[in-house]
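Accompanying notes for the structure given below.
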Amino acid sequence: MGIKYKLYDDFKIFQDDLFNIKTIFTQYDDAIHKARNVLKIIPLHGIDTVVKAFRLPNAINQIAYAYLRKSKAYKSYFNAVKLEELGVNTPSPIGFIEFYRNGFFKESFFLSKHYPYDFTMADVRDNNPSDKKEILEAFAAFTYALHQKGVWHVDYSGGNILIKKNEKGYIFSLVDINRMEFRSVTEYEGLENFNKLWLNEEDLTLLALSYAQLANLDAQKAEEEILSHDKKLKEHVLRRRRFKAFFKGNK
């Protein structure tokens, strides 16, 4: 069996843990997230470590990740390193490892320090806290700063934006970062990045106006852009759900 791995310089003591991560992972039952990928908090060397086990890819991707493309674990690690270099909050990367058998890509894991947070943007959307306006304004400023640094989070959804509240305001941190682009973000393009939040029209308008003020954009056009992108995505998702429901009902 072959392996590929990388450890952040500050976490070299994790090397043996990384090599034995499959065994360690199965010893802990409680998952903080269990869907396509599974996340567990595992204490290692006195550090609460988030271990993300990526789903075994299909046969085609087992070849692609072995020879043609970088894996999700690889991109999660190096995107985290890049974000830290840019001064963008994300859970501190520890390392990643990939396992191969007979030349095929198999299991992969990404390790980071656990980031204690108070709530997510999804919680803001669903629970309507009393300080929602202030959070959205701060989030618009965070997103604008992100775009100014050339960061485009493809999966910029509510659950992937962690928020910690302190006496100075709100601190945002990004997770699920294997799908990111580091490139120039054009003026009105930045407003498209809000479309996966599934916010209502009032909240989206507030984000648009706050972002427009910071980016020196036309407020009316910014509002039209953000609402248009939101509507387009929601209609696309609804069509997909109807399509799946139709075929499910005809089985």
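The values are calculated or read from the model by the stated rules, or taken from the named source; none is laboratory data. Values in this document were obtained by computation on a predicted structure and should not be read as measured data. Ideal geometry is used to build each Cβ from the backbone, glycine not excepted, and the neighbour counts take in all protein chains shown.
Does Ile42 satisfy the criteria of being buried (at least 18 other Cβ atoms within 10 Å of the Cβ) and either more than 26 Å from Glu181 (Cα to Cα) or at pLDDT below 95 (or both)?
yes
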Subset of the stretch 51-86 (residues that are basic (Lys, Arg) and crowded, with 20+ Cβ neighbours inside 10 Å): Lys52, Lys72
With the requirement that a residue be surrounded by 12 or more Cβ atoms within 10 Å (Cβ to Cβ) and within 13 Å of Val50 (Cα to Cα), what does the stretch 18-31 give you? Leu18, Ile21, Ile24, Phe25, Tyr28, Ala31
Within 18 Å of Lys113 (Cα to Cα), basic (Lys, Arg) and either buried (at least 18 other Cβ atoms within 10 Å of the Cβ) or not assigned by TED's automatic domain parsing to the domain that holds Glu181 (or both), is that true of Lys34? no
Quick one: count up the residues across the stretch 177-200 that are touching an Asp or Glu at 6+ places or on another chain (Cβ under 8 Å) and without any contact (Cβ under 8 Å) to a residue 60 or more places away in the chain. 6
Positions within the stretch 162-218 being among the acidic types (Asp, Glu), within 24 Å of Lys232 (Cα to Cα) and in a loop (DSSP other than H, G, I, E, B), in sequence order: Asp176, Glu187, Asp218
Can you confirm whether the stretch 194-217 contains a residue that is within 29 Å of Asn79 (Cβ to Cβ), among the charged types (D, E, K, R), more than 22 Å from the chain's Cα centre (by Cα) and surrounded by fewer than 21 Cβ atoms within 10 Å (Cβ to Cβ)? no
Tell me whether the stretch 234-244 contains one or more residues that are buried (at least 18 other Cβ atoms within 10 Å of the Cβ) and within 21 Å of the chain's Cα centre (by Cα). no
